[in-house]
Every structure is written in structure tokens, then in C-alpha cells.
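Engineer: Got a structure here, written out as C-alpha cells. Questions coming.
The values are calculated or read from the model by the stated rules, or taken from the named source; none is laboratory data. None of these values were measured; they are calculated from a predicted model. All Cβ positions, glycine included, derive from the backbone under ideal geometry; neighbour counts span all protein chains shown. Surface areas here come from the heavy atoms of the whole protein model, side chains and all, with no ligands, DNA or RNA. Shrake-Rupley method; radii C 1.70, N 1.55, O 1.52, S 1.80 Å.
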Amino acid sequence: MTDRATRKGCDPSNATHFPRSLVEFVRKYDPVTAPFTSPDNRNPFVGKKILAISGAKDRLVPWEFSESFFDSLYVGEGGLKEHFQDEDAGHVWTTKMGDKMAAFVLRHCLLCSYD
């Protein structure tokens, strides 16, 4: 969070932008603080199916801010991780993104098969 703020020209020590309660909440629940590279049950992502969606033209939260986390994320056997990037999108939700999400849920997350 502070890295992104600094890149965007914000002062992370500014209480107006980063109240103590927000910082404490992020420290407690941010997935980056979890042992996300661990192959054992301490890793909350093992066995999960994860779809990351981004816009190639997103200047607010570029994919590069999340890419190393996503690449390092260990989901283990039975887990799945996929990244979809809409080349035409910025920091918005698009029909292409919705279609990709629906297809992912249909294919990987429902208990019955529609193939």
C-alpha cells in the first residue's frame, strides 16, 4: 500500500490519506502478509481457484503493481490461477472482463460441468 502511494506521489505518513485504522486493517488482512508462497496449510491460497483481471491501460493500479505477487502465489495441486488483461481497458470494468469471469466461474467453480 505504501509502495503504491509513494509511486503515485502520496505521502504514506500523511494521516489524512492513511488513517491509523486503515493501516492496521491492511496489515492484518492484506494477502501479501499471508504465507502465500508456502506449500502447506498455512497458505490460505492452496487449493483455491483465482482469476486476476486487469486493464492494460490502467494508470491507477497498473498490473505491474500486482504481477510479482500473482506470479509468486502458490495455489498447489487442485488450485488454479489465471490472469486476464483487457488490452483496451483502463481502471474500469468491461464486458470482456465480465465474460471472462463468467466463463471462469462456469468452468472452474461450479459443482456441475457444462462442457
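Engineer: Could you identify the single residue in 25, 69 that is part of a helix (DSSP H, G or I), under 23 Å from residue 109 (Cα atoms) and open to solvent by 40 Å² or more (accessible area, probe 1.4 Å)? Working first, answer last.
Structural biologist: Values: 25 fails: under 23 Å from residue 109 (Cα atoms).
After applying the criteria, what remains is 69.
Engineer: Shifting gears a bit: Is it true that some residue in region 32-41 is in a helix (DSSP H, G or I), touching a residue at least 40 places away in the same chain (Cβ under 8 Å) and not aromatic (Phe, Trp, Tyr)?
Structural biologist: Initially, region 32-41 is screened for residues in a helix (DSSP H, G or I), giving 32-33.
Keeping just the survivors that are touching a residue at least 40 places away in the same chain (Cβ under 8 Å) gives none.
Checked region 32-41: no residue is in a helix (DSSP H, G or I), touching a residue at least 40 places away in the same chain (Cβ under 8 Å) and not aromatic (Phe, Trp, Tyr).
Engineer: Contact list please: Cβ distance under 8 Å, first residue in region 87-113 and in a helix (DSSP H, G or I), second residue modelled with pLDDT of 95 or more and open to solvent by 80 Å² or more (accessible area, probe 1.4 Å), pairs at least six apart or on different chains.
Structural biologist: From residues that are in a helix (DSSP H, G or I), the pairs are 96/88; 104/49; 108/49; 109/49.
Engineer: Residue 61 - would you say it is β-branched (Val, Ile, Thr), modelled with pLDDT of 95 or more, under 26 Å from residue 6 (Cα atoms) and part of a loop (DSSP other than H, G, I, E, B)?
Structural biologist: On the way: β-branched (Val, Ile, Thr): yes; modelled with pLDDT of 95 or more: no; under 26 Å from residue 6 (Cα atoms): yes; part of a loop (DSSP other than H, G, I, E, B): yes.
Taking the combined requirement at face value, the residue does not satisfy it.
Engineer: Restricting attention to region 6-16, does a residue exist that is open to solvent by less than 90 Å² (accessible area, probe 1.4 Å), in contact (Cβ under 8 Å) with a residue 24 or more places away in the chain and touching a helix residue (DSSP H, G or I) at 6+ places or on another chain (Cβ under 9 Å)? Full working, then the answer.
Structural biologist: Step one: of region 6-16, the residues open to solvent by less than 90 Å² (accessible area, probe 1.4 Å) are 6, 9-12, 14-15.
From what is left, the residues that are in contact (Cβ under 8 Å) with a residue 24 or more places away in the chain are none.
No, region 6-16 has no match at all.
Engineer: Same structure, new question: Of all residues in region 72-115, which are under 15 Å from the mean Cα position of the chain (by Cα), exposed (fewer than 14 other Cβ atoms within 10 Å of the Cβ) and among the hydroxyl-bearing types (Ser, Thr, Tyr)?
Structural biologist: Matches in region 72-115: 72 only.
Engineer: Further question: Out of (1) modelled with pLDDT of 90 or more; (2) of a type in the set (A, V, I, L, M); (3) open to solvent by 100 Å² or more (accessible area, probe 1.4 Å), the odd one out for residue 46 is which?
Structural biologist: Failing condition for residue 46: (3).
Engineer: Against the condition open to solvent by 90 Å² or more (accessible area, probe 1.4 Å) and either within 13 Å of the chain's Cα centre (by Cα) or without any contact (Cβ under 8 Å) to a residue 24 or more places away in the chain (or both), how does residue 59 come out, does it pass? Can you show your working first?
Structural biologist: Values: open to solvent by 90 Å² or more (accessible area, probe 1.4 Å): yes; either within 13 Å of the chain's Cα centre (by Cα) or without any contact (Cβ under 8 Å) to a residue 24 or more places away in the chain (or both): no.
It is false that residue 59 is open to solvent by 90 Å² or more (accessible area, probe 1.4 Å) and either within 13 Å of the chain's Cα centre (by Cα) or without any contact (Cβ under 8 Å) to a residue 24 or more places away in the chain (or both).
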